[in-house]
Every structure is written in C-alpha cells, then in structure tokens.
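Colleague: Could you have a look at this structure, given as structure tokens, before my questions?
The values are calculated or read from the model by the stated rules, or taken from the named source; none is laboratory data. These figures come from a predicted structure and were not determined experimentally. Cβ sites come from the backbone with ideal geometry, for glycine too, and all protein chains shown count toward neighbours. Note: areas computed on protein heavy atoms with side chains; ligands, DNA, RNA excluded. Shrake-Rupley method; radii C 1.70, N 1.55, O 1.52, S 1.80 Å.
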Amino acid sequence: MDPQTLSSSVSTSHTISPDGLNHKKCNLLKEENRLLDSVLLKEENPFDFFRVFCESIIAGATAGVFVEAALYPIDTVKTRLQAVRGGGKVVLKGLYSGLGGNLAGVLPASAIFLGVYEPAKQKLLKALPENLSAFAHLTAGALGGAASSLVRVPTEVVKQRMQTGQFASAPAAVRLIVAKEGFRGLYAGYGSFLLRDLPFDAIQFCIYEQLRIGYKLAAQRDLNDPENAIIGAVAGAITGTVTNPLDVIKTRLMVQGSSKQYKGILDCVRTIMREEGTHAFLKGIGPRVLWIGIGGSIFFGVLEKTKQMLAKKRPENHKSFYLKQE
C-alpha cells in the first residue's frame, strides 16, 4: 500500500461523523449538568441536624420562659378554679406561688419540645407530599409533646400543688411528694397529661403553621412580628377551648395527692359528671382561653423573633434552606 493510501486509511479511521460528535457533546453536557445539579442540591439542602437542634432548643427555651413568667397569675387562677369542688371558693392570694420552680422546669421542657419538633417537622416536610404538610405538623407536635412530657409532668405536678396552697416551695414540694407518694407521685396524672397535651401540642402547632402558610400565600411575603403574634393567639385560643375538658381531668388527677379521690381517668370523668354535672368540664375555660391565647401570641412571637435572630448568624448557604422550611 502506498503512503498516500495508508494516510487516507488512517485518517478515515479516526474521523468522527457530525452526528457522532453532536451525540458525544450532548452526553458531556448532560453529565456536566447532572454533576452541577448534585452540587447545587447539596449546597441548597444541607440538613444540619445539630444546627437545627441547637437553634430550636434556644428559641424554645426563650419563648417558654417569656410566656410562663408573663402569664403565671392567670394560670394560677385557672388551676384553682378547676381544682375546687362543688361551690368552694377560689383564693386569689399568692398568684405567683411556685413560679421559680416552674421556670426551672419550663426552660428544659420547652427546649426539648422545640428540639424535637423542628427537626422532625423539617424531615417530614421533605419526605411527604406538599398536600400533607398538616400531617407533618400534627405528627411533629405530638412527638415534641411526648418527648418533653418527661420534664413537663413533674414540673406541672409541683406547680399545681403549690398553686393550690399544698406546699410553700418547689424543693419542699418535691421532697414531700416523693416521701409520701414515691417517685411516681411526681408523675401523677401522667396519662391524663398525655391525653390533654399530645392533642393540644399537635393541634396548636398545626393550626399555627397552616395559618402562617395560608397568610404568606395570600400576602405574597414573609410575616412580620405582630402578624406572627396574632396568628399564635388565634391558634392558642382555639386549641385551649377545644381541650379544656381534658385540662380539667388532668388538673383533678394531679392535685389530688395521696387522698386518691379518683382512681384514674375514667373514674375521674364519671365522678365529675355524677357529682358536678357536665358543665364542670368547662371550669376555668375563661382564664384558660385568655391565658393560652395571650400565651400563644407571646410564645410564637418570641419564638419567631429568636429564630430570625439566630438565622442571621448562619452561614449563607444554610439560610436559603431554612427559609424554605419556614
């Protein structure tokens, strides 16, 4: 074979047709886009569990302490109204009785609640279709309530015993309750607490989150502080009204102490209905709705403001993700 023929043969064997070249370029572009998308997705969706958890416990603890300190007297009146049997009188002295000990329990309880709620909510919102966001909020609220109940129940027992004048201080209350009733005494009414607080937490946070979503869609902007507070008040008032009968049962079981007037939830319900009538389940509803309505306003207002302040300290690549989850 002569050199010219050989050269022509080699050249022909290494020549790529225009169609083949375009196909190769297309594949390279697809691969490049795929890699770019994966990098961008990673940057836009960093689920930093530790960061979410830390920010949530700080925001939760701050909001919980604010609302408890501001509205403790109303809660005391509500508790005394629910605890009194028949035509007994309600004492209006010592409305701040037990506040210090209660704050010591509210701070970690609120921190635990939000520390569970926020990560669970974000995980569920990512995993579920958009039309099931309410289910994500309900589930996350119930999970947060269950986790925080381990701290909230002893805190509530001590608080309500002091509010009804059974003890003068939180340390004395804890010591005497354990001495007379055992460690289980600190968890008196635990079942009724879960019966009230799991639906309460789930419903309140679901209503709040759904109202925020609807308002943001209608307004086409982020909510300001007064709007967050108003929505929190509405969510709290609705939930407080719906769950008041459960709160009466919980209060009666928690404050009965070693006297054991009621043998359990069902016995408590039957006894109240037999001795006082069904209207007794609405006892304290006025102060409760007022307390939880104003409390929801303060809690969610402080919560959102604290979250905004913490968000300013995040790295830039984290901010867009968290804003999407709000």
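A quick yes/no check of all residues on (1) at negative phi; (2) surrounded by 22 or more Cβ atoms within 10 Å (Cβ to Cβ); (3) in contact with a helix residue (DSSP H, G or I) (Cβ under 7 Å, 6 or more places away or on another chain):
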site	(1), (2), (3)
ALA70	yes, no, yes
ILE74	yes, no, yes
ALA83	yes, yes, yes
GLY94	no, no, no
SER133	yes, no, yes
VAL151	yes, no, yes
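Colleague: Could I ask something else about it? Which members of the range 160-173 meet the condition of being in a helix (DSSP H, G or I), among the hydrophobic types (A, V, I, L, M, F, W, C) and surrounded by 19 or more Cβ atoms within 10 Å (Cβ to Cβ)?
Modeller: MET162, ALA170, ALA173
Colleague: Looking for whichever is open to solvent by less than 20 Å² (accessible area, probe 1.4 Å) and in a helix (DSSP H, G or I) here; the options are ILE294, ILE249, ILE238. Which one fits?
Modeller: Just a single option satisfies the conditions, and that option is ILE249.
Colleague: Are any residues in the range 96-110 of a type in the set (A, V, I, L, M, F, W, C) and open to solvent by less than 50 Å² (accessible area, probe 1.4 Å), and if so, which ones?
Modeller: Across the range 96-110, the qualifying residues are LEU99, LEU103, VAL106, ALA109.
Colleague: While we're looking at this one, here's another question. Against the condition among the small types (Gly, Ala, Ser), within 26 Å of ILE285 (Cα to Cα) and either within 14 Å of the chain's Cα centre (by Cα) or open to solvent by 30 Å² or more (accessible area, probe 1.4 Å) (or both), how does GLY64 come out, does it pass?
Modeller: So GLY64 passes the test.
The rows are residues; the columns are (1) within 22 Å of ILE294 (Cα to Cα); (2) modelled with pLDDT of 90 or more; (3) touching a strand residue (DSSP E or B) at 6+ places or on another chain (Cβ under 9 Å).
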residue	(1), (2), (3)
PHE47	no, no, no
ALA63	yes, yes, no
VAL77	yes, no, no
VAL91	no, no, no
GLY100	yes, no, no
LEU107	yes, yes, no
ALA136	no, yes, no
GLY144	yes, yes, no
SER149	no, yes, no
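Colleague: Among the residues of the range 187-206, is there at least one that is hydrophobic (A, V, I, L, M, F, W, C), more than 15 Å from the chain's Cα centre (by Cα) and surrounded by fewer than 16 Cβ atoms within 10 Å (Cβ to Cβ)?
Modeller: no
Colleague: Of the residues ASN244, ASN228, which single one is buried (at least 21 other Cβ atoms within 10 Å of the Cβ) and in contact (Cβ under 8 Å) with a residue 60 or more places away in the chain?
Modeller: Residue meeting the stated conditions: ASN228.
Colleague: State which residue pairs qualify: first residue free of Cβ contacts under 8 Å to residues at least 12 places away in the same chain and inside the range 176-196, second residue surrounded by 14 or more Cβ atoms within 10 Å (Cβ to Cβ) in any location, beta carbons under 8 Å apart, and separation of 6 or more residues or different chains.
Modeller: Correct list of pairs: LEU176/PHE167; VAL178/GLY185; VAL178/LEU186.
Colleague: Right, next: Taking the stated definitions as given, is ALA140 in a helix (DSSP H, G or I) and open to solvent by 20 Å² or more (accessible area, probe 1.4 Å)?
Modeller: no
Colleague: Select from the range 160-197 the residues that are among the basic types (Lys, Arg) and modelled with pLDDT of 85 or more and list them in ascending order.
Modeller: ARG161, ARG175, LYS180, ARG184
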